[in-house]
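Below you'll find the structure, written out as structure tokens, and then a few comments.
The values are calculated or read from the model by the stated rules, or taken from the named source; none is laboratory data. Every value quoted in this text rests on a predicted model; they were computed, and no experiment measured them. Because the Cβ atoms are built from the backbone with ideal geometry, glycine has one as well, and the counts that use them run over all protein chains shown. Ligands, DNA and RNA are stripped out before the accessible areas are found, and what is left, the full protein with its side chains, is counted by its heavy atoms. Shrake-Rupley method; radii C 1.70, N 1.55, O 1.52, S 1.80 Å.
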Amino acid sequence: MDVKRVKDYLYWLYYQYQLVTCSYVLEPWEQSMFHTITVTVLAMVVYTAYVFVPIHVRLALQFFSQIFGPQPESA
């Protein structure tokens with residue numbers, strides 16, 4: 001894998017991020033604050049999904065298994 005291509009691709013992704021968020025028009029201290037808040041919110045969303053989604057999926061499966069009950073086995 002070519003290191004220069006990976007570096008160029010990561011730079012391109014960062015450039016796309018700046019274009020989408022319009023953060024390229026901010027001053028440097030505003031950019032650092034904006035990026036810090038964005039990363040913090042993203043980290044909280046990922047953590048919340050990691051902790052709570054499996055619990056809710058398990059509870060939903062239990063709920064629907066109680067509603068529909070065990071399936072009769074055909075002989």
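Computed with a 1.4 Å probe over protein heavy atoms only, the accessible area of Phe34 comes to about 70 Å². Within the set (1) 16.9; (2) 15.0; (3) 15.9, the number that Kirkwood radius over Cα pairs in Å takes when calculated for this structure is listed as (1). Computed from Cα positions, the angle between helix 28-68 and the longest principal axis of the chain comes to roughly 10 degrees.
The solvent-accessible area of Tyr11, taken with every protein chain present and a 1.4 Å probe, is close to 150 Å². For region 3-17, backbone nitrogen atoms closer than 15 Å to the point 7 Å from Thr48 Cα along Cα-to-C-beta are found at no residue.
Each part reduced to its alpha carbon centroid, region 3-19 and region 26-75 end up 28 Å apart.
Helix 3-21 axis versus longest C-alpha principal axis of the chain: approximately 80°, rounded to the nearest ten.
What do you reckon, how do Glu30, Glu73 stack up by accessible area (1.4 Å probe), largest on top? Intermediate results must be reported in sequence, preceding the final value.
On the way: Glu30 60, Glu73 175 Å².
Largest accessible area first, the residues go Glu73, Glu30.
Sorting Val46, Val6 by solvent-accessible area of protein heavy atoms yields Val46, Val6, largest first, with a 1.4 Å probe. Residue ranking by accessible heavy-atom surface, 1.4 Å probe, largest first, among Val57, Val25 comes out as Val25, Val57.
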